[in-house]
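*Asks:* Here you go, one structure.
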């Protein structure tokens, strides 16, 4: 499925990659592969009563929430670093903007 295409992609010359991707990444191929994955996942994990779907949902929610919250955390971290830098330059007094 996807891995066989990646193996073929790895053995290509760089100039051949765009035409290969253009011919293989089509709406029909992506739809077929997506529904094939969903069907196989349903057969393997959902119908057998496995705990795997619950784990997958929890892990996905964790990574999604982390990705959504990351810009805010970086902004706070940079602000704290900037404030600490200004505090150190002014001999312990915080400079107000």
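*Asks:* Collect the residues in region 51-97 that are assigned to a loop (DSSP other than H, G, I, E, B) and at pLDDT 95 or above, keeping them in residue-number order.
*Replies:* Looking only at region 51-97, we keep the residues that are assigned to a loop (DSSP other than H, G, I, E, B), and these are 51, 90-97.
Passing the criteria: only 51.
*Asks:* In region 46-81, what residues are within 15 Å of the chain's Cα centre (by Cα) and at positive phi?
*Replies:* Correct list: empty.
*Asks:* Follow-up. Is there any pair linking a residue in region 12-37 that is surrounded by 10 or more Cβ atoms within 10 Å (Cβ to Cβ) to one that is part of a helix (DSSP H, G or I), with Cβ under 7 Å and at least six apart or on different chains, and which?
*Replies:* Between residues of region 12-37 that are surrounded by 10 or more Cβ atoms within 10 Å (Cβ to Cβ) and residues that are part of a helix (DSSP H, G or I), the close pairs are 12/20; 17/9; 20/9; 24/5; 33/2.
The values are calculated or read from the model by the stated rules, or taken from the named source; none is laboratory data. Remember, it's a predicted structure, so these values are computed and weren't measured experimentally. Note: ideal-geometry Cβ built from the backbone for every residue, glycine included; neighbour counts use all protein chains shown.
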